[in-house]
1. Mind listing whichever residues of the stretch A:61-101 are in a strand (DSSP E or B) and either within 12 Å of chain B (Cβ to nearest Cβ) or closer than 21 Å to residue A:195 by Cα (or both)?
2. If I filter the stretch B:28-45 down to residues being near DNA strand D (Cβ under 7 Å from one of its atoms) and within 14 Å of another protein chain (Cβ to nearest Cβ), which single residue comes out as most open to solvent (accessible area, probe 1.4 Å)?
3. Determine whether residue B:21 is surrounded by fewer than 15 Cβ atoms within 10 Å (Cβ to Cβ) and more than 16 Å from DNA strand C (Cβ to nearest atom).
4. Name the single residue, out of those in the stretch A:50-60 being within 11 Å of another protein chain (Cβ to nearest Cβ) and either among the small types (Gly, Ala, Ser) or within 12 Å of DNA strand D (Cβ to nearest atom) (or both), that is most open to solvent (accessible area, probe 1.4 Å).
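The values are calculated or read from the model by the stated rules, or taken from the named source; none is laboratory data. A quick note: this is a predicted structure, and the numbers were derived from the prediction, not measured. No Cβ is skipped: glycine too gets one built from the backbone with ideal geometry, and neighbour counts run over all protein chains shown. Please note that ligands, DNA and RNA were not included when accessible areas were found on the heavy atoms of the full protein model with its side chains. Shrake-Rupley method; radii C 1.70, N 1.55, O 1.52, S 1.80 Å.
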There are 2 protein chains.
Amino acid sequence: MSIRTAENIFETLVDGIVAGRMPPGEPLVEKALAEQFGVSRTPVREALHRLEQARLAERGARRAFFVRQMAPDDLAELFEAAGEVESGLAALAANRMSEIERRKLEAILAEGDACDDPEAYGAINARFHDTLKSGARNAILAATLDELNLRTLAWRAANFHEDASRLETSRAEHRGITEAILAQDAETTRRLMRSHVASSYIVLTDILARRAE
Amino acid sequence: MSIRTAENIFETLVDGIVAGRMPPGEPLVEKALAEQFGVSRTPVREALHRLEQARLAERGARRAFFVRQMAPDDLAELFEAAGEVESGLAALAANRMSEIERRKLEAILAEGDACDDPEAYGAINARFHDTLKSGARNAILAATLDELNLRTLAWRAANFHEDASRLETSRAEHRGITEAILAQDAETTRRLMRSHVASSYIVLTDILARRAE
DNA sequence: TTGCTGGGACATGTATACATATGCAAGATA
DNA sequence: TATCTTGCATATGTATACATGTCCCAGCAA
């Protein structure tokens, strides 16, 4: 695997941050990264600027780059924002999903019910949310959610891994959302999805609080 | 006014696009812009990449940059997305605005009622929306709306200027939103704001349709 | 001891030269 | 004549050298 383009470098860095290999606060120095990837500073520089715009990197003294560090308040805002956007998408999806997509959603729900492995469930969970996202027929709003989720992912990865205890709750929430969508009840769908995202935020803060003890 | 930094070039280009001086489809060539601004290609290149990320520029053949051209469907999606985000912000604001902010909102409303100049009303309108945006206490969601609005602004500027006929309708919608906020009724606020944004979209498409005749 | 000042180190910012890719047109060939 | 090839024009992509700005620390003075 040879990294030669700015695009590849950007993706590699995003992956490193989202996966937690590059923890918040880690310095990102153009020259060092250039040597590491075997390229000049130019493409690295471009990748770092894109990271900054994606809010995955921030700048400190000497305008130096670092992997972004988020305060707890920022995290609350981030999840709240993601909740508003994703619940908007879900409400649109309730009105617009095709019969085939509704069937697919039910199938994914059933798959989740039959799954006890947290890691596999994570993949099913992603497909559930992706189905709603594409069912909303709004690529711009979907891209907006993706941008926000990239940041929540980065935070989660740096702090904790999937928790099996939440599995049953998540299943129940997904079931409620699915039922609201099948009933084409947009406002109920919106409310339940907002609550679902908020609930995942609460789980996260609980884990952090327990760890702090 | 001497332009020397990438930041300044970016802002200058954004302003040119949003104000409609650089119409959709206009080619953005690194070398030509560099000469025009009296700098090298490097900062221009950086500015163009930022424009691309802000979705104000797009790339065509030879990876060349152009001022972004939006299809009517994209415009519908864009306004729908902005409506979801801004209505979310408004709903949050209904629960969170301070007494002082509520008074300010009423004052701005009264100011708008007493104003008949479309251009001055535009400024008052902006203050109305800004007050809600800051009242929501979520900087991330507010920034998300700003990004989307930059794109709607670019589109509007390239196509039409403020229309006096909509003034009375806008006033009535603002009044409804304000009343819902004073009543701390988040869900009504959300609904009215979504409808308000949709209404401005309809006005825009009407103007375009009439022009096409 | 404390505070100010100047220089050096180090990071990003910019300029410029060269590399690469692609669309287009002209010309050769079937 | 139609098509394929080849070369050029032109745009961005990358490498490298130099410019700029700021933090830090050493050293001197009050």
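1. Correct list: empty.
2. B:41
3. yes
4. Checking each candidate, the answer is A:50.
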